[in-house]
Amino acid sequence: MKYWAIFKTQLATRLAYPADLIAGSLSILIFLWVFLQLWRTTYSASGSSVIAGLSLADTLWYLMMTETILISKPRLARSISEAVKDGSVAYLLNKPYHFLLYQLSAGWADGFSRLLFTALFGGGLVWLLVGPPPDVRGWPLVFLALLLGWLIDFCVQALIGLLAFVTEEISAFEWIYQKALFILGGMLIPLDFFPPWLRNLSQALPFAYTIYGPARLFVSPDLTRFAVLALGQLFWILLLWGAVTLAFNRGMRWLTINGG
């Protein structure tokens, strides 16, 4: 219940400033407009209305979903790093909750607040440009897949953030992870368009389960696809959470607190 209380408090704080949320979410409109021009030209040049099983409308809805996931996902690595650098980590570690679960609860509240506005604006634009979204009956499955993907992202970001216990500055690691999501996670280009060897490699890594999997399920909702995706996500969550737990316990021995 205490983590639920943290979530509700942080969500209420974020929703108290709707203008800030709206301004941050409007960036998806620019990205989707650029994607529309790019992929409309690509489909026109190919002379086909379907590429790798995806139509232009499918591709735009897929990219709307990937952008929504990327824009709204919690920035946990930066939060942990800033807490170490300004010394507030000492205050957080002394509280009667787990440091990482506190970060997860607060981060998810931020993520949900951004998700609502980003999906609303992005979905509205794509609907006007290429038509209605895929079958709404698949949305509950997509939402579950998105939550599992956020857990994978949380574990990876926690590992990056915990590096601050040793290195303090983590910008380079964040940059590498972001570019991995762009390419191997299928954020910029659906993995269906990749050569077979690169597609198979990408789909075996956790990045694809964070972005590509939920977005592809959104375009083609199917129980079998969801089951395969969820099993893969659960595997990576268990593996990465073990790594996070080990890194947290080790990092506590190296932690040097500044500021405060």
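Taken together, the values in this text are just the output of simple stated rules run on the coordinates, not laboratory data. The structure presented is a predicted model; accordingly, all values stated were derived computationally and were not measured. Cβ: placed from backbone, ideal geometry, glycine included. Neighbour counts: every protein chain shown.
Using helices alone, I'd like the mean residue ellipticity at 222 nm for the chain: each DSSP H run of four-plus residues gives -39500 (n - 2.57), total over residue count, nearest 500. Don't jump to the answer; show the numbers that get you there.
On the way: 14 runs with 200 residues, N = 260.
-25000 deg cm²/dmol, from helical runs alone.
On full extension of the chain, what length is gained from LEU38 through LEU188, given 0.36 nm per residue of separation minus the C-alpha to C-alpha distance?
Details: separation 150, 0.36 × 150 = 54.00 nm, distance 1.12 nm.
That pair, LEU38 and LEU188, stretches by 52.9 nm at full extension.
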As I understand it, the dipole of the chain uses +1 on the Cβ of Lys and Arg and -1 on the Cβ of Asp and Glu, about the Cα centre. Which of LEU129, LEU29, ALA19 lies farthest toward its positive end? ALA19
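Can you compute the charge dipole magnitude of the chain about its Cα centre, using +1 on each Lys and Arg Cβ and -1 on each Asp and Glu Cβ, nothing else charged? Give it in debye, rounded to the nearest 20. Mind showing how you got there, number by number?
Values: 17 positive and 13 negative charges, 76 e Å.
Using Cβ point charges on Lys, Arg, Asp and Glu, the chain gives about 360 debye.
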With the 8 Å Cα cutoff and a minimum separation of six or more residues, the chain has a relative contact order in percent of 28 percent
Using alpha carbon centroids, what distance separates the stretch 157-171 and the stretch 91-144, in Å? 24 Å
With unit charges on the beta carbon (Lys/Arg positive, Asp/Glu negative), name the residue among TRP241, ILE69, GLY185 whose Cα is farthest towards the positive pole of the charge dipole of the chain. TRP241
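Report the full-extension gain for the segment LEU231 to VAL50: residue separation times 0.36 nm, less the Cα-Cα distance, to one decimal in nm.
On the way: separation 181, 0.36 × 181 = 65.16 nm, distance 2.90 nm.
Length difference between fully extended and current span is 62.3 nm.
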Under DSSP H, which helices of the chain have Cα atoms covering 15 Å or more of the helix axis and a Kyte-Doolittle average no less than 0.0? 27-46, 56-72, 99-130, 139-162, 171-183, 223-254
Using Cα springs under 10 Å in a Gaussian network model of the chain, which residue among ASP110, ASP222, ASP58 shows the largest mean-square fluctuation? ASP222
With springs connecting C-alpha atoms under 10 Å apart, model the chain as a Gaussian network and identify which of ALA45, ALA83, ALA172 has the largest mean-square fluctuation. ALA45
Taking the Cβ-Cβ separation of TYR97 and ASP20 as r and a Förster radius of 35 Å, what is the calculated FRET efficiency to the nearest 0.05? 0.85
Mean Cβ neighbour count within 10 Å, used as a protection proxy, ranking 70-76, 173-179 highest first: 70-76, 173-179
